[in-house]
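Structure, as structure tokens:
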Amino acid sequence: MTKNILQKPEMSFWQIWNMSFGFLGIQFGFALQTGYASSILLTFGAKVDNLSWFWLAAPLTGMIIQPIIGYYSDRTWNRLGRRRPYFLTGAILSGLALCFLPNSSGLAFLIPPIIVGAGMLMLMDASFNVAMEPFRALVADNLPDSQHNTGFSLQTCLIGVGAIMGSFLPSVLSDWFHVSNTAPKGLVPNNLLYSFYAGGAVLIGCILWTVIKTKEYPPEEYAKFHEPEKETPERSGMSEFFHDLVNMPKTMRQLGIVQFFSWFALFSMWVFTTSAIADHVYHVPANDTSSHQFSAARDWVGIMFGVYNIVSAAYALTLPWIVKKINRKRTHAFSLTMGGIGLISVFFIHNHYLLLLSMVGVGLAWGSILAMPYAILSSSIPAKKIGVYMGLFNFFITFPQIVNSLTGSLIVKYLFHSQAIYGLVVAGVFMFIAAVSVLFVQDGKKIQIIDNP
């Protein structure tokens, strides 16, 4: 006898907004990390040639933590709910890491600041992963399939808003409120210091908003919306984890190829843009971190990143409409192509204002990367394993970053003679490869079964 499956009730715009609002805070902090962590590490003594090595810890922790968080959040239910305990814990840890990273020099009498800074970068990224993974699963938990595109697109819009705030804040503090953007050698300037403090406070506040304003379906009610899973042999935690890894859906494997090239490109951009712009446009050595010219380059990179996040936030709101016209795969392929054009164009530009045009293409790619793969994936995985598969999907984000960390600096040093601008050109080429790869992905949508009373 076939069991009728209820369709989840649709959520209002503001309910989806409240459910996704915590991502604004996460991305506020993440934008500070991606936009300014490299310059902070340079301030503490890192060299351009080995910058990517310091970023290696971040994807390694993400690769380990996200699947674990996904696995246990699938099996958690307490007073706070299923997913909320995890992203609240991640928010608190992330906020603390944001406050400690720019103050790493305070422990110089015990440990070299560069070691403390690298450790804080690792803790920060691990905490971001604890907070972010359950948010992806929460959208799939609470929304019917018909609203998945809308849910992930609104989530991407809020990600963009948070990133805009985080990217622009250091420049706003220095330009509008005359907070110093320079400091003695080895110290982080006050505009960055105060921005990281603000990032910690905003991150925790936004997560608390989602925790308070969003409800989750209790296990017995959640089960009404999904077909019973087929009986499978009982496995221990690690045994089941590896079983799920080996038996991941075909769509997920295909998306993994797209994600590899997309995130290799993004990681190159985050690691090398400050050095590339300082050298290629401002004509100042990337290790001359105490000069006004380097400060200007660093602040302009923050504005560039803010622009691509403005574009991604606006673009995310149009994605559901575009998908209806040309489908999810073509939408993502177009967006990634524009990102490739944007990254490669930086090589041909020497006027820093024109670099903002390059960021339009990057913004289109970023907006789609944060929404389309998850919308496609959520329609191809069993409901019982949404958390663990969303966590495993993070492998395809962290693995390319690890590969980049191990090879990116070597490529820039030995193949391009330490000219970081070529790291951005390689990133653009990888975006093009990702755009072609997505066209071969199988995008299967679940069929809704509605209970007729």
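Values quoted throughout were computed directly from the atomic coordinates according to the rules given, and no laboratory measurement underlies them. Just so we're clear, the structure is a prediction, and the values are computed from it rather than from any experiment. Please note: Cβ atoms are built from the backbone with ideal geometry, for glycine as well, and neighbour counts cover all protein chains shown.
With Cα atoms defining each centre, region 313-389 and region 16-63 are spaced 20 Å apart in the structure. What separates the Cα centres of region 167-224 and region 97-140 is a distance of 13 Å. At most 16 other C-beta atoms within 10 Å and a DSSP loop state: those are the exposed GluC sites (Glu not before Pro) I care about. Give me the longest piece of the chain that has none. Here the longest run is 235-453. Could you sort out which of 215/385; 8/324; 329/385; 8/215 sit more than 18 Å apart by Cα distance in this structure? Pairs exceeding 18 Å: 215/385; 8/324; 329/385. Here region 28-141 was treated as a single set of alpha-carbon atoms; its pair distances binned every 5 Å from 0 give 2, 12, 21, 21, 16, 11, 8, 5, 3, 0 percent. Sites listed here are chymotrypsin sites (Phe, Trp or Tyr not before Pro) in region 156-212 whose DSSP assignment is loop and whose Cβ has at most 12 other Cβ atoms within 10 Å: 177. Give the residues of region 283-308 whose amide nitrogen is closer than 15 Å to a point set 7 Å from the Cα of residue 180 in the direction of its Cβ. Within reach of a label on residue 180: 290-292, 295. Given R0 = 35 Å, the distance between the Cβ atoms of residue 201 and residue 292 translates into a calculated FRET efficiency of 0.75.
Sketch the reach of a paramagnetic label on residue 172 as a point 7 Å from Cα along Cα-to-Cβ, and name the residues of region 292-313 whose backbone nitrogen lies under 18 Å away. 299-313, by backbone N distance to the label point. For residue 417 and residue 352, what does the FRET efficiency come to when R0 = 25 Å and r is the distance between their Cβ atoms, rounded to the nearest 0.05? Once rounded, the FRET efficiency stands at 0.60. Shape annotation for region 328-453: C-alpha extents along the principal axes are 68, 30, 23 Å, from largest to smallest. Spin-label model, residue 80/residue 111: points 7 Å from Cα along the beta carbon direction are separated by 2.5 nm. Label separation (residue 245 vs residue 212): 4.0 nm, computed from points 7 Å beyond Cα along the C-beta direction. Within the chain, the selection of entire DSSP H helices by a Cα span of 15 Å or greater along the long axis and an average Kyte-Doolittle value of at least -0.5 returns 22-43, 57-74, 84-100, 113-142, 148-176, 190-213, 250-280, 292-326, 328-345, 355-369, 395-410, 421-438.
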